[in-house]
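Worksheet: one structure, shown below.
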Amino acid sequence: MPAPYVVRSPGPTQDTLGAQNDQDLITIEGAETYDSTGELLLTTVSVAGGPGYPANLVQVVEGWAERSRSVRPVEETFPRDVTQEQSEQESQQEMLSSQETATVAALTELGYDVPATLTIQGAAQDTGADGVVETGDVITTVNGTDVVTYQDLIDELATVTPGDDVVLGVERAGEAVDLTITTQEADGKAILGVFIDPAFDLPVDVSIQIEDIGGPSAGTMFALGIIDRLTPEDEANGAVIAGTGTMSVEGNVGPIGGIQQKLYGAKRDGATWFLAPESNCDEVVGNVPEGLDVVKVSTLDEARDAMVAIGAGEGASLPTCT
């Protein structure tokens, strides 16, 4: 009998430094790569109860009984009227996007310049950019400083006090145009209030091949895998490190769903360390299986430092969620 619930269980893990179906998960061309003796496990959640996969009463009862699982009303997880095909397409698109942002963040972390064409797709309503920018504008400068990479844009906005005006140089229909925009405040930082579709020109060819896994939450572990492959140091140094978290272009680790199940899946598959988004810490406390140490991270730089410390046997000094 179908039940109107979603049951989350620990899903499979995958070593981003290893292979899937005899093919390296991460393949890199255009730069020297190095082997590692450790493992960097991305973690997943198996879901019963979504579109096309109704949960039955037995699964729901087992979900209530086992600490490694969770049971929630289906409408809390999936929008009404979404089809199985739509859900799968969205999940796959999120996975592809996470691979690209993880690659850009990893290369930037390693000191590469990653040129980008930053095309404006619109403006947030009631912001200083609303009615000023046009769809198709390509950002070229901020306050007279050239913007070649996405990081250039972030760095220039970091020097601006929220609420101040900036002069945004754009290319519009082949002509250079200067636009004056009053910035907004978000998390204490100045933002333009525009939606950007970046097209990156990667200096290193990175290909990520993975099947039967969707969503954006593997971004952090993809980025760490790329960093480990491109550096001569054996960062993990034999340790089995699992983790999760979305990864933004600018290197921020974002929250994900199902972290309780991912903790148990990591422990099941041999991990002794787990890198968790700081913003998920409230869900981590009280749900860590015995024998698994959890480290909180909020940026790729922190995640990289944690990987190095764990490999060096210095993980005990790292910050936790408790």
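The values are calculated or read from the model by the stated rules, or taken from the named source; none is laboratory data. Model, not experiment: these values are computed from the prediction. Here Cβ is always computed from backbone atoms with ideal geometry, including for glycine, and neighbour counts include all displayed protein chains. Ligands, DNA and RNA are excluded from the accessible area calculation, which covers all protein heavy atoms including side chains. Shrake-Rupley method; radii C 1.70, N 1.55, O 1.52, S 1.80 Å.
A simple spin-label model places the labels of Ser317 and Asn21 4.4 nm from each other, with each point 7 Å out along Cα-to-Cβ. Each residue, Glu134 and Asp305, gets one label point 7 Å from its Cα in the Cβ direction; the gap between the two is 4.6 nm. Once the Cβ-Cβ distance of Gln209 and Glu175 is raised to the sixth power relative to R0 = 56 Å, the FRET efficiency obtained is 0.85. Segment Asp234..Leu202, full-extension length gain: 9.1 nm, with 0.36 nm per residue of separation and the alpha-carbon distance subtracted. For the set Lys296, Lys262, solvent exposure ranked by accessible area (probe 1.4 Å, protein chains only) runs largest to smallest as Lys296, Lys262.
In the context of the full set of protein chains, residues of the stretch 191-318 present 37 Å² of accessible surface per residue (probe radius 1.4 Å, heavy atoms only).
Assuming charge only on the beta carbon of Lys and Arg (+1) and of Asp and Glu (-1), the dipole of the chain about its Cα centre is about 1460 debye to the nearest 20.
Considering Cα pairs under 8 angstrom that are at least six residues apart, work out the relative contact order of the chain and quote it in whole percent.
On the way: 714 pairs, mean separation 73.3, N = 322.
Relative contact order here is 23 percent.
Computed 3J(HN,Hα) for the stretch 45-58, one whole-Hz value per residue from the Karplus formula 6.51 cos²θ - 1.76 cosθ + 1.60 where θ = phi - 60°, is 10, 8, 10, 10, x, x, x, x, 10, x, 7, 9, 4, 5, glycine and proline marked x. Ellipsoid semi-axes for the chain, based on the Cα gyration tensor and the rule √(5λ), read 36, 26, 19 Å when sorted largest first. Listed values for the stretch 251-260 are Karplus-derived 3J(HN,Hα) couplings in whole Hz (6.51 cos²θ - 1.76 cosθ + 1.60, θ = phi - 60°), namely x, 9, 8, x, x, 9, x, x, 5, 4, and x replaces Gly and Pro. In this view, the solvent-accessible surface of Ser68, computed with a 1.4 Å probe and all protein chains in place, comes to about 20 Å².
Roughly speaking, to the nearest percent, how much of the chain's 1.4 Å accessible area is carbon and sulfur? Using a 1.4 Å probe with all protein chains present, the chain comes out at 45 percent carbon and sulfur. Between Val167 and Asn252, the FRET efficiency from the beta-carbon distance, with R0 = 22 Å, is close to 0.25.
If you wrap the tightest convex hull around every Cα atom of the stretch 116-200 and split its volume per residue, you get 84 Å³. If the chain linking Ile154 and Ala186 were pulled fully straight, counting 0.36 nm for each residue of separation and taking away their Cα-Cα distance, it would gain 10.2 nm.
Karplus-derived 3J(HN,Hα) values for the stretch 110-125, using 6.51 cos²θ - 1.76 cosθ + 1.60 with θ = phi - 60°, are 7, x, 6, 8, 10, x, 8, 9, 9, 9, 7, 9, x, 10, 5, 5 Hz; glycine and proline are entered as x.
The H on the amide N of Thr299, modeled in the peptide plane, is under 5 Å from the matching H of Val253, each at least 5 residues off or on a different chain.
Close amide H pairs (under 5 Å, H built 1.01 Å from N) link Phe195 with Gln121, Gly122, Ala123, Ala124, residues at least 5 positions away or on another chain.
In summary, the aspartates and glutamates within cross-link reach of Lys267, defined as a Cα separation below 16 angstrom excluding same-chain residues under 8 places away, comprise Asp15, Glu39, Glu66, Glu290, Asp293. Taking amide H positions as modeled 1.01 Å from N, with prolines and chain starts lacking one, the residues under 5 Å from Ala242 and 5 or more places away or on another chain are Leu41, Thr272, Trp273, Phe274, Leu275.
Which FRET efficiency value, to the nearest 0.05, is calculated for Asp81 and Asn56 with the Förster distance at 30 angstrom and r the Cβ-Cβ distance?
Working: r = 22 Å, r/R0 = 0.73.
So the FRET efficiency works out to roughly 0.85.
Give the angle, between 0 and 90 degrees and rounded to the nearest 10, that separates the Cα long axis of helix 84-109 from the longest principal axis of the Cα atoms of the chain. Helix 84-109 and the main axis of the chain meet at about 70 degrees.
When you filter the GluC sites (Glu not before Pro) in the stretch 190-268 for DSSP loop state and at most 10 other Cβ atoms inside 10 Å of their Cβ, you are left with Glu211.
Quick one: ranking Tyr34, Tyr53 by accessible area, 1.4 Å probe, largest first, what do you get? Each step should come with its number before you reach the end.
Values: Tyr34 60, Tyr53 125 Å².
In descending accessible area the options line up as Tyr53, Tyr34.
Please identify which residues in the stretch 261-303 have an amide N closer than 17 Å to a label point set 7 Å out from the Cα of Thr145, following the Cα→Cβ vector. Zone members listed by number: none at all.
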